[in-house]
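The values are calculated or read from the model by the stated rules, or taken from the named source; none is laboratory data. Keep in mind the model is a prediction, meaning the values are calculated, not measured. Cβ placement follows ideal geometry from the backbone for every residue including glycine, while neighbour counts extend to all protein chains displayed. Note: areas computed on protein heavy atoms with side chains; ligands, DNA, RNA excluded. Shrake-Rupley method; radii C 1.70, N 1.55, O 1.52, S 1.80 Å.
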Amino acid sequence: MSVTTIIGAQWGDEGKGKVTDYLADDSKVVARSQGGNNAGHTIVVDGKKHKLHLLPSGILRKNVVNIIGNGVVVNPEVLLKELDNLQGERGQLFISDRAHVIMPYHKLLDGGEENSKGKSMIGTTGNGIGPCYSDKASRIGIRMGDLLDDKTIMERLEKALPRNQALLSHYSIDNDLSIENLFDLCRSWRNKLDEYITDASLLVNKHIDIGDNVLLEGAQGVHIDIEYGTYPFVTSSSPTTAGAALGSGIAPSKISNVVGVTKAYLTRVGSGPFPTELEDEVGEIIREKGQEFGTTTGRPRRCGWLDLVMLELSHRICGFSSLAIMKLDILSDMDKIKVCVGYKDDKGLEINHFPSSLPYLAKCEPVYKTFPGWSSSGIDISKGIIPEEMKIFLDFISKSMNVPISIISLGPGRDETIIF
Ligand code: GDP
Ligand code: IMO
Ligand code: MG
């Protein structure tokens, strides 16, 4: 029996979907614990691409029980569309009755808040994630379980709508949302989703108790965590090991493995600092070769070199038991590959802990170690053969972090993976 948590160690889009789908082969349960349809997880099966935003990445395997945990924010429209788009056999689905619902006013407010920020906009996915978590913290949110009862829907809407309408008028956003039409909408969602709504904490713990393997699929990444990310350029949930336990309703002590997923380089979508960003031809090559365009918004992802200062913070907060290093194929056939091993500030002081102050971070320059590149001709995935130069690169990452590497990925497909 194991409970394995898959954590994005960078700014999201590390390849968590691929790792989760791969490990789901040996798991009974896959649970999402936080975030919502700001996530975009890509799974490639037999050459066919599946993009999942809300459904856990075990959904493509018919024997897997998929759970949307209490820490997730659920847009029912998006969920229903995603379920409709699935063809063929799929795994079972359950949704926590404690998960909060993204309402139409949350999406409108996300746009209003972003526009009001002008140049300092966060570059959110525009899906209403932040406003929904705000309502949760303000105790005026609507939970999936609330949808099951007409009286509760009405009571919750009477609390939530006046405040959200006040905010919408603050941003001069006209709309025709009323208690009546939102009530009807909630009821229509209930009619389609009630069979999935349950106490998901009880369910996942039942599977743990009978000895099933459970995967907790992180969304986003540690560096857009609300606590430890580059605040305020962050999301509104906690994509950490602690967040995974809380958001799926299991005790932290039940987690047996934590897989930190990182690309062999680094990407970011949205605004915010990026010390190793490559705003040159090399960055462009990585973006094109790696197809670094957002799964959710289609925006070009900013690209740069791997940053070990960032990974040190991710490991400190999340306690990785192993690493999955993704997209090594994208760096193949490059002359030189750089890895950031520290930062130097404007006074010449070298630091190797990621600072919380963004003005201070802006004064820091990355310090690099340069590695010779490797040739793609030296890779034979089926035999587990990788070039010597890639081994040196991987050994350096593993030794610097003091964490073993359990998975390397050399392509989007399930079979383009080597397990150590
Ligand atoms: P997630 O949000 O962490 O699940 O990652 P995304 O799905 O947003 O982005 C990762 C992208 O890289 C997807 O298009 C994957 O299909 C792709 N991918 C994952 N691993 C590899 C790999 O090792 N090599 C290549 N070339 N693509 C990969
Ligand atoms: P996956 O699970 C990459 C980023 C947005 C924005 C910030 C806040 O696919 O790795 P939000 O809509 O959450 O309020 O936006 O967070 N962001 C992601 N970036 N991958 C993700 O998810 C992301 N989810 C949110 O681009 O900068
Ligand atoms: Mg993604």
Only residues in region 201-227 that are in contact (Cβ under 8 Å) with a residue 24 or more places away in the chain and more than 16 Å from Gly58 (Cα to Cα) count as the first member; pair them with residues that are surrounded by fewer than 17 Cβ atoms within 10 Å (Cβ to Cβ) and of a type outside the set (D, E, K, R), Cβ under 6 angstrom, at least 6 apart or cross-chain, and list the lot.
Gly211/Met1
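Say we look at region 299-309 and pick out the residues that are hydrophobic (A, V, I, L, M, F, W, C), in a strand (DSSP E or B) and open to solvent by less than 10 Å² (accessible area, probe 1.4 Å); which of these is nearest to Arg287 (Cα to Cα)? Walk me through it before giving the result.
Here is the first cut: in region 299-309, the residues hydrophobic (A, V, I, L, M, F, W, C) are 303, 305-306, 308-309.
With in a strand (DSSP E or B) added as a condition, the list becomes 303, 305-306.
Still in the list and also open to solvent by less than 10 Å² (accessible area, probe 1.4 Å): 303, 306.
Working: Cys303: 6, Leu306: 14 Å.
Result: Cys303.
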Among (1) outside any strand (DSSP E or B); (2) more than 16 Å from ligand 3 (Cβ to nearest atom); (3) crowded, with 24+ Cβ neighbours inside 10 Å, where does Ile95 come up short?
(1)
Test Ser409 against the stated conditions and say whether it is closer than 20 Å to His315 by Cβ and either at pLDDT below 95 or within 16 Å of ligand 3 (Cβ to nearest atom) (or both).
yes
Restricting attention to region 184-204, report how many residues are in a helix (DSSP H, G or I) and surrounded by 15 or more Cβ atoms within 10 Å (Cβ to Cβ).
10
Top-ranked residue in region 30-81 [being free of Cβ contacts under 8 Å to residues at least 60 places away in the same chain, touching a Leu at 6+ places or on another chain (Cβ under 7 Å) and not in a loop (DSSP other than H, G, I, E, B); ranked as surrounded by the fewest Cβ atoms within 10 Å (Cβ to Cβ)]
Val78
Can you confirm whether Glu312 is open to solvent by 10 Å² or more (accessible area, probe 1.4 Å) and in a helix (DSSP H, G or I)?
yes
Just a yes or no: is a residue in region 319-331 without any contact (Cβ under 8 Å) to a residue 60 or more places away in the chain, touching a strand residue (DSSP E or B) at 6+ places or on another chain (Cβ under 8 Å) and among the aliphatic types (A, V, I, L, M)?
no
Strands (runs of 3 or more DSSP E) wholly inside region 322-420 that include at least 1 residues being of a type in the set (D, E, K, R) and open to solvent by 70 Å² or more (accessible area, probe 1.4 Å):
336-344, 365-372
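Leu328 - would you say it is over 22 Å from Thr230 (Cβ atoms) and out of contact with any His (no Cβ under 6 Å at 6 or more places or on another chain)? Step through it out loud before you land on a result.
Details: over 22 Å from Thr230 (Cβ atoms): yes; out of contact with any His (no Cβ under 6 Å at 6 or more places or on another chain): yes.
In short, yes.
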